[in-house]
1. Any residue that is basic (Lys, Arg) and touching a residue at least 60 places away in the same chain (Cβ under 8 Å) - is there at least one of those in region 206-223?
2. Scan region 220-252 for residues that are surrounded by 18 or more Cβ atoms within 10 Å (Cβ to Cβ) and closer than 30 Å to Val287 by Cβ and jot them down.
3. Restricting attention to region 234-258, report how many residues are assigned to a loop (DSSP other than H, G, I, E, B) and either not acidic (Asp, Glu) or not assigned by TED's automatic domain parsing to the domain that holds Ala497 (or both).
4. In this structure, does Tyr262 turn out to be crowded, with 22+ Cβ neighbours inside 10 Å, at pLDDT 95 or above and touching a Pro at 6+ places or on another chain (Cβ under 6 Å)?
5. So, in region 50-92, how many residues would count as being surrounded by 13 or more Cβ atoms within 10 Å (Cβ to Cβ), at pLDDT 70 or above and not hydrophobic (A, V, I, L, M, F, W, C)?
6. Is it the case, given these coordinates, that Thr420 is of a type in the set (S, T, N, Q), surrounded by fewer than 19 Cβ atoms within 10 Å (Cβ to Cβ) and touching a Ser or Thr at 6+ places or on another chain (Cβ under 9 Å)?
7. So which residues in region 438-462 are assigned to a loop (DSSP other than H, G, I, E, B), among the aliphatic types (A, V, I, L, M) and more than 17 Å from Ser405 (Cα to Cα)?
8. Answer yes if at least one residue in region 358-366 is part of a loop (DSSP other than H, G, I, E, B), in contact with an Asp or Glu (Cβ under 7 Å, 6 or more places away or on another chain) and farther than 25 Å from Met502 by Cα, and no otherwise.
Amino acid sequence: MIFMGRSGKSLKLIAGFFTALTLTQFFGCNTSAKAADTVVVRYGLFAESIPLADLQTAAKTGEFPSSLDLFTQRLSEEQRRALLGMLRMRVPLNVVTLSRLLNTQIGTTILNDLSTAVVRKDQAGAKALRAGLVLGSNSPQGLSVLSFIAAYPSQRLEINLPQALSVMGSLNNAFWRTQQFMLSLSPQLAPQPSRINLPFDPSQPGNATVQVLSQSFNDQKRDRNIPVDIYWSTSANANKPIIVFTHGLGSVRTELRYLAEYLASHGYIVAALEHPGSNQTNVDLAVQGKARIVKPQEFLERPQDISFVLDELAKVNQTASNPLAGKLATDNVMVVGYSFGGGTALALAGGELQLAGLKQSCRNQLATLSLGTAVQCIAQELPENNYQLRDNRVKQVIALSPTTSLMFGETGLTKVQVPTLILASSADKTTPALTEQIMGFSKISSPKWLAGVIGGTHLSVKDPSTTLDQADQPNTPLSGGEIVGEQAADVRKFVQAIALAMAAQLTPEADKYAIFLTPDYAQLASTKVFPFRMVRDIPPGLISIDK
């Protein structure tokens, strides 16, 4: 449910299912608490019963029976279609996998939060929800809203409608706050018509032919084997920085392959590494019950992975037989991190992990948080409250949709010591822009840029090869609705341009590329679907939106 990478699909589906249940309640056809044959919606002293058979008929025929008129007559046509889609939704998880997911700390906390909307005399709401989900997944048709209702361990399931609406309204509160912020931001940062003349198009690939050298570096001290794909060309030289990619949670080192190939075509050397404790393989093992989704220590291990890889690349640079010998500027590094990897990049730039406040924030109401925020709560198990993971070889960072809100506390990002570009997408549900990027950006004092993608989603910047699973994702307040693949081509083109311009800031050509890090260029690069923004500071008072 919480992952920034491809193999988080299973957990995202669970989150989608939870929110589908709650949304269905909101539309009037209650499912977050359900009975074997009847759903009862209670509002104060009043209650209305909905037969399960009528819901099954609606799902099968696409038409709502007259018995549901009391609820459906208030729905728009779009809401009707959405409700039918929720009733027909299937979650392709077997009973063993689902049971393991629900028994994680995060799964248990969310069940507890959602159970507050279930009316039961025995106070067993969370257990009943878990039982309904597990039994429903064992039915012949698999887990769906309807199989969950039929499997719910009670003759009739009662929903406290006001509480259900309250729970639904609190789901991913940060995402809705971001939308409020964007409404206030647009008039104040609306750009004037641009009249700049560009020296060249920075989104076009370079002339160099790209090669990929795959390596595997074994850190015996930490017992971690780190695969690395090195993108390079014969035009690469030590006058340009090394660029290191750090991937999102549950993902793979190819998630930004298009960007690695593009930068390498311009003569840069890009090292895309894979973090063994938080990659797709690790999450697959977690789903099978063979590992934790991510260990708290991984917040420390990931930055150390990059420092170790830089040590190994320094050795490669001195190995005469290696084609990269003499080309690697290992003391002049730009780190590009995506999502959870964005937090890793900021830690290497000097951001200080501060966990005391995180522990308090994560104690209750986890279901109200975004998925990216929930991931950060895993760090509360670390034994200390402050960690400094700065690597002085890192001279610059780009953080694409990073996680920052809890892990860096109130002042951790004030310790960032290098020029930093943060990219935020307005429709990002996983790491909502306001809380995860914009507020964090405002705390950084070193040279900084905030790039905004209006209409972009969390996965829009990823290589299309790693977003093929999005077609069947339910669109809920926590996940789904991603704009990816060819639809997001303009977003990736913009990311290429600003990443190249940032990399050039560590070369003698810095001034030549500076124009591409300006509001004028962002406006010029904007498309009808994706307006882009670039700012160096947030106007005072603009982000003081009530929580």
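The values are calculated or read from the model by the stated rules, or taken from the named source; none is laboratory data. Remember, predicted model here, so these are calculated numbers, not experimental data. We place every Cβ from the backbone using ideal geometry, glycine too, and count neighbours over all the protein chains shown.
1. Taking region 206-223 and keeping what is basic (Lys, Arg), we get 221-222.
Those still in the list that are touching a residue at least 60 places away in the same chain (Cβ under 8 Å) too: 222.
Looking for residues that are basic (Lys, Arg) and touching a residue at least 60 places away in the same chain (Cβ under 8 Å), one finds at least one in region 206-223, hence yes.
2. Result: Ile226, Val228, Asp229, Val244, Phe245, Thr246, His247, Gly248, Leu249, Gly250, Ser251, Val252.
3. Going through region 234-258 one residue at a time, the tally reaches 16.
4. On the way: crowded, with 22+ Cβ neighbours inside 10 Å: yes; at pLDDT 95 or above: yes; touching a Pro at 6+ places or on another chain (Cβ under 6 Å): yes.
When the stated conditions are applied, Tyr262 passes them.
5. Residues in region 50-92 being surrounded by 13 or more Cβ atoms within 10 Å (Cβ to Cβ), at pLDDT 70 or above and not hydrophobic (A, V, I, L, M, F, W, C): 11 in total.
6. Considered against the rule, which asks whether it is of a type in the set (S, T, N, Q), surrounded by fewer than 19 Cβ atoms within 10 Å (Cβ to Cβ) and touching a Ser or Thr at 6+ places or on another chain (Cβ under 9 Å), Thr420 comes out as no.
7. Ile454, Leu459, Val461
8. From region 358-366, those part of a loop (DSSP other than H, G, I, E, B) are 362-365; that's our starting set.
So of that shortlist, the ones also in contact with an Asp or Glu (Cβ under 7 Å, 6 or more places away or on another chain) come out as 365.
Filter again for farther than 25 Å from Met502 by Cα, leaving 365.
The answer is yes; a qualifying residue exists.
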